[in-house]
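A.B. asks: One structure, pasted below without further comment.
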Number of protein chains: 2
Amino acid sequence: MNQNLTDLSLDLLKSLKKTSDFQKIEELIEKIHLSKSQIQKAIKELKSFGYQIDQTKEKGIRLTFIPDRLFPFEITGNLKTKFLGKKIYYYGKIGSTNELGYRLAQTKVEEGTLIITEEQTKGKGRMGRSWYSPPYLGIWMSLILRPDISPSKAPALSLCAGLALALSIKKLTGLDAKIKWPNDCLINKKKVGGILLELQAELDRINFVILGLGVNINQTQKDFPKKIKKTATSLKIELKKNVKRVLLLKLFLENFEKIYSSFKEDGLTFLKKRIKDLSVVLGENIELSFGRKKIKGKALDIDDDGSLLVESKGKKIKVFAGEVTLLR
Amino acid sequence: MNQNLTDLSLDLLKSLKKTSDFQKIEELIEKIHLSKSQIQKAIKELKSFGYQIDQTKEKGIRLTFIPDRLFPFEITGNLKTKFLGKKIYYYGKIGSTNELGYRLAQTKVEEGTLIITEEQTKGKGRMGRSWYSPPYLGIWMSLILRPDISPSKAPALSLCAGLALALSIKKLTGLDAKIKWPNDCLINKKKVGGILLELQAELDRINFVILGLGVNINQTQKDFPKKIKKTATSLKIELKKNVKRVLLLKLFLENFEKIYSSFKEDGLTFLKKRIKDLSVVLGENIELSFGRKKIKGKALDIDDDGSLLVESKGKKIKVFAGEVTLLR
């Protein structure tokens with residue numbers, strides 16, 4: 001679909017968003033320097049995107065409904081970032097944002113480019129698993145990053161994204177979002193978001209990273225497939241009301257840009273404490289799976305490179321990745 | 001170019017290679033079940049590939065010259081591997097075998113697929129540098145590998161390839177080839193070969209690795225560009241005679257398959273001693289560069305994961321990659 005409004009419509013939308021009151025056409029003409037017919041054209045275009053606009057001869061016009069869509073112009077309006085989300089690829093439906101991101105990254109697309117979709121038909125989870133991504137109910141997105149770090153620091157980057165997501169959820173909803181090392185975000189011990197890092201690298205240099213993010217936002221219990229009903233949750237389930245996806249997305253981009261910049265400069269130095277404070281695994285007895293191998297132990301600490309320090313059978317082990325199960 | 005001989009020509013070539021004597025056409029007809037006209041057709045085809053064949057009415061035919069080309073059928077004939085080099089993409093000229101390999105690997109091409117070319121126009125070295133790859137004078141190749149290991153083990157895989165190359169050079173030429181951690185092969189302190197690993201990975205799983213290998217074989221001093229004249233060498237320069245590239249290539253594939261299989265089963269357990277024995281950096285004072293950062297220290301050991309243990313300013317450091325300069 002066409003994903004962009006004309007500049008005329010954007011100007012009108014901005015003006016309409018400033019107030020819930022009616023505005024007289026004549027005043028708008030003066031304010032935004034459009035002709036009457038241009039305003040009528042813009043109203044028509046905005047309506048075709050799902051915006052609802054009241055119009056009376058006496059009072060003028062006002063915005064009565066903003067559709068719950070992640071249109072690029074809704075994301076970039078007032079977005080306080082320097083490079084994240086400045087360029088956006090938006091889709092109604094797509095196989096996988098990570099897959100497209102990977103292909104785009106191979107073509108010199110700039111750092112911070114955002115790929116976002118209302119629905120994924122082949123959403124990817126870790127280890128070749130799928131990620132359930134129904135239309136309009138969550139954030140399904142990928143960012144193209146080009147950090148000058150070694151591949152061994154990827155786990156730390158995954159934690160940075162988890163931190164940004166947890167902080168954004170907390171700020172927007174007040175919910176107690178936590179980080180589950182290395183790549184999940186939990187509320188009340190259930191998965192509300194997940195991060196999938198895919199990278200192209202040489203031995204000691206990352207060429208690019210695709211940071212995929214899936215966040216369950218407005219699903220109800222019955223929206224989840226049976227397989228994940230018990231382990232997954234959404235912001236709506238926890239909060240008992242709908243959440244505006246675009247607000248969380250913008251918060252995430254803003255928080256993550258700060259955190260990512262700090263990480264590129266100083267590694268986890270200024271981030272580790274906050275990551276540890278939000279971590280659900282530290283101090284817990286856990287089982288770690290690596291493919292078919294499993295070990296049990298106690299999660300002691302998160303190291304400077306993002307790895308997990310585990311005590312198992314009296315030995316301290318440094319773990320770079322794997323699946324964590326909390327033992328109760 | 002067409003890179004394959006017809007089966008008829010292959011059969012004839014095999015028979016001709018068995019002896020340097022003339023063979024009578026009538027005998028060949030009986031041996032390989034071809035008609036006289038089929039044999040004439042095969043001779044013509046072989047000649048079009050650069051093979052020279054003597055033919056007299058009385059004595060019959062014999063092979064007098066095999067062109068120095070890396071034709072797939074020259075590589076696979078008698079190749080003692082199970083999966084390396086079983087499928088070959090061969091080119092007269094190509095930009096970069098790693099780049100093509102990367103694209104092929106994204107399309108489910110099987111493990112062990114070999115991409116090889118007589119010349120690279122954009123040969124890639126590490127860190128975005130170029131690798132000089134003139135026509136017919138070296139081996140410029142890439143292997144597609146799909147090991148089930150974590151990205152942090154990539155340095156070990158690079159060492160495995162270095163070991164296989166050094167052993168193959170030693171066996172074929174008797175030259176004292178050494179390994180320079182993490183990815184070069186040296187003779188008399190000059191670079192004769194280099195390895196470029198590129199990988200696509202998740203946090204804890206490699207999807208695929210492109211193992212690029214460049215080996216200088218039949219260059220003379222004057223064939224090298226000024227920039228690398230002092231630091232590069234070739235087998236011909238060291239040995240003072242030409243080396244058959246296809247022989248080294250086959251040895252490498254055979255050696256590397258064994259080493260790679262051992263690595264996948266048991267990591268460096270059975271390989272580390274040989275790697276250490278051939279290593280030029282151990283016990284030496286070195287400077288390590290990571291981008292703009294540099295540290296000086298003494299190379300102490302190679303760890304189980306392929307990382308280098310360095311003592312610097314009284315501290316032991318574990319180094320996963322970087323550029324090593326030997327200090328004298």
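A.B. asks: Under 7 Å by Cβ, and 6 or more places apart or on different chains, what pairs join a residue from the range A:268-291 that is over 17 Å from A:Asp305 (Cβ atoms) and in contact (Cβ under 8 Å) with a residue 12 or more places away in the chain with one that is aliphatic (A, V, I, L, M) and part of a loop (DSSP other than H, G, I, E, B)?
C.D. replies: A:Asn285/A:Leu327; A:Ile286/A:Leu327; A:Glu287/A:Leu327
A.B. asks: Name the residues in the range A:117-144 that are touching a Ser or Thr at 6+ places or on another chain (Cβ under 9 Å), within 14 Å of chain B (Cβ to nearest Cβ) and not charged (D, E, K, R), would you?
C.D. replies: A:Trp131, A:Ser142
A.B. asks: Also, quick follow-up: Residue by residue through the range B:216-225, note down the ones that are in contact (Cβ under 8 Å) with a residue 12 or more places away in the chain and not in a strand (DSSP E or B).
C.D. replies: Filtering the range B:216-225 for residues in contact (Cβ under 8 Å) with a residue 12 or more places away in the chain gives B:216-221, B:223-225.
The answer is B:Ile217, B:Asn218, B:Gln219, B:Thr220, B:Gln221, B:Asp223, B:Phe224, B:Pro225.
A.B. asks: The conditions are (1) farther than 30 Å from B:Gly194 by Cα; (2) under 21 Å from the mean Cα position of the chain (by Cα), and A:Lys230 fails exactly one of them. Which is it?
C.D. replies: Here A:Lys230 clears every test but (2).
A.B. asks: While we're looking at this one, here's another question. Among the residues of the range B:268-296, count how many are touching an Asp or Glu at 6+ places or on another chain (Cβ under 6 Å) and either in a helix (DSSP H, G or I) or crowded, with 18+ Cβ neighbours inside 10 Å (or both).
C.D. replies: So the answer is 1.
A.B. asks: Condition first: free of Cβ contacts under 8 Å to residues at least 60 places away in the same chain and either touching a strand residue (DSSP E or B) at 6+ places or on another chain (Cβ under 9 Å) or not charged (D, E, K, R) (or both). Can you find one or more residues in the range B:250-261 that meet it?
C.D. replies: Checked the range B:250-261: at least one residue is free of Cβ contacts under 8 Å to residues at least 60 places away in the same chain and either touching a strand residue (DSSP E or B) at 6+ places or on another chain (Cβ under 9 Å) or not charged (D, E, K, R) (or both).
A.B. asks: On the given criteria, is A:Gly112 outside any loop (DSSP other than H, G, I, E, B), of a type outside the set (Ser, Thr, Tyr) and out of contact with any helix residue (DSSP H, G or I) (no Cβ under 7 Å at 6 or more places or on another chain)?
C.D. replies: No, not satisfied.
A.B. asks: Any idea which of B:Ala161, B:Ala166, B:Ala154 is of a type outside the set (Val, Ile, Thr), away from chain A (no Cβ under 14 Å) and buried (at least 23 other Cβ atoms within 10 Å of the Cβ)?
C.D. replies: Working: B:Ala161 fails: away from chain A (no Cβ under 14 Å); B:Ala154 fails: away from chain A (no Cβ under 14 Å).
Testing whether each residue is of a type outside the set (Val, Ile, Thr), away from chain A (no Cβ under 14 Å) and buried (at least 23 other Cβ atoms within 10 Å of the Cβ) leaves just B:Ala166.
A.B. asks: Among the candidates B:Glu238, B:Glu254, B:Glu265, single out the residue that is surrounded by fewer than 14 Cβ atoms within 10 Å (Cβ to Cβ), part of a helix (DSSP H, G or I) and out of contact with any Phe, Trp or Tyr (no Cβ under 6 Å at 6 or more places or on another chain).
C.D. replies: Result of the check over B:Glu238, B:Glu254, B:Glu265: B:Glu265.
A.B. asks: In addition: Could you check the range A:93-105 and list, in sequence order, the residues that are touching a Lys or Arg at 6+ places or on another chain (Cβ under 9 Å) and surrounded by fewer than 15 Cβ atoms within 10 Å (Cβ to Cβ)? Steps first, answer last, please.
C.D. replies: Our first condition is that a residue be touching a Lys or Arg at 6+ places or on another chain (Cβ under 9 Å); within the range A:93-105, this holds for A:94-99, A:105.
A:Gly95 - this is the single residue of the range A:93-105 that is touching a Lys or Arg at 6+ places or on another chain (Cβ under 9 Å) and surrounded by fewer than 15 Cβ atoms within 10 Å (Cβ to Cβ).
A.B. asks: Quick one: B:Thr56 ticks every box in (1) over 30 Å from B:Ile116 (Cα atoms); (2) among the hydroxyl-bearing types (Ser, Thr, Tyr); (3) under 24 Å from the mean Cα position of the chain (by Cα) except a single one, so which number is it?
C.D. replies: Exception for B:Thr56: condition (3).
A.B. asks: Next question, about the same structure. When you check B:Lys171 against the structure, is it surrounded by fewer than 24 Cβ atoms within 10 Å (Cβ to Cβ), within 15 Å of B:Ile275 (Cα to Cα) and modelled with pLDDT of 95 or more, yes or no?
C.D. replies: On the way: surrounded by fewer than 24 Cβ atoms within 10 Å (Cβ to Cβ): yes; within 15 Å of B:Ile275 (Cα to Cα): no; modelled with pLDDT of 95 or more: yes.
It is false that B:Lys171 is surrounded by fewer than 24 Cβ atoms within 10 Å (Cβ to Cβ), within 15 Å of B:Ile275 (Cα to Cα) and modelled with pLDDT of 95 or more.
A.B. asks: Based on what the data block shows, is B:Gly128 among the small types (Gly, Ala, Ser) and surrounded by fewer than 14 Cβ atoms within 10 Å (Cβ to Cβ)?
C.D. replies: Criteria met by B:Gly128.
A.B. asks: If you go through the range A:309-326 one residue at a time, how many are at pLDDT 90 or above and either outside any strand (DSSP E or B) or more than 32 Å from the chain's Cα centre (by Cα) (or both)?
C.D. replies: 6
A.B. asks: How many residues are surrounded by 11 or more Cβ atoms within 10 Å (Cβ to Cβ), free of Cβ contacts under 8 Å to residues at least 60 places away in the same chain, closer than 20 Å to B:Gly77 by Cα and not basic (Lys, Arg) when one looks only at the range B:8-38?
C.D. replies: 8
A.B. asks: Does A:Val243 fit the bill of being part of a loop (DSSP other than H, G, I, E, B), farther than 30 Å from A:Lys80 by Cα and either within 14 Å of chain B (Cβ to nearest Cβ) or touching a residue at least 24 places away in the same chain (Cβ under 8 Å) (or both)?
C.D. replies: So A:Val243 does not fit the description; no.
A.B. asks: Output the residue which, of all residues in the range A:274-294 that are of a type outside the set (Lys, Arg) and within 14 Å of chain B (Cβ to nearest Cβ), is nearest to B:Asp148 (Cα to Cα). Can you show your working first?
C.D. replies: In the first step, residues of the range A:274-294 are kept if they are of a type outside the set (Lys, Arg); the result is A:275, A:277-291.
Going one step further and asking which of them are within 14 Å of chain B (Cβ to nearest Cβ), we end up with A:288-291.
Numbers: A:Leu288: 17, A:Ser289: 14, A:Phe290: 11, A:Gly291: 9 Å.
The extreme case among them is A:Gly291.
A.B. asks: Can you find, within the range A:189-205, the residue that is farthest from the other protein chains (Cβ to nearest Cβ) among those that are of a type in the set (A, V, I, L, M) and either free of Cβ contacts under 8 Å to residues at least 60 places away in the same chain or surrounded by fewer than 23 Cβ atoms within 10 Å (Cβ to Cβ) (or both)?
C.D. replies: Applying the filter and picking the extreme gives A:Val192.
A.B. asks: Counting only residues that are buried (at least 19 other Cβ atoms within 10 Å of the Cβ) and closer than 25 Å to B:Phe71 by Cα, how many does the range B:131-151 have?
C.D. replies: The qualifying residues number 12.
The values are calculated or read from the model by the stated rules, or taken from the named source; none is laboratory data. Please read all numbers here as calculations on a predicted model, not as lab measurements. Here Cβ is always computed from backbone atoms with ideal geometry, including for glycine, and neighbour counts include all displayed protein chains.
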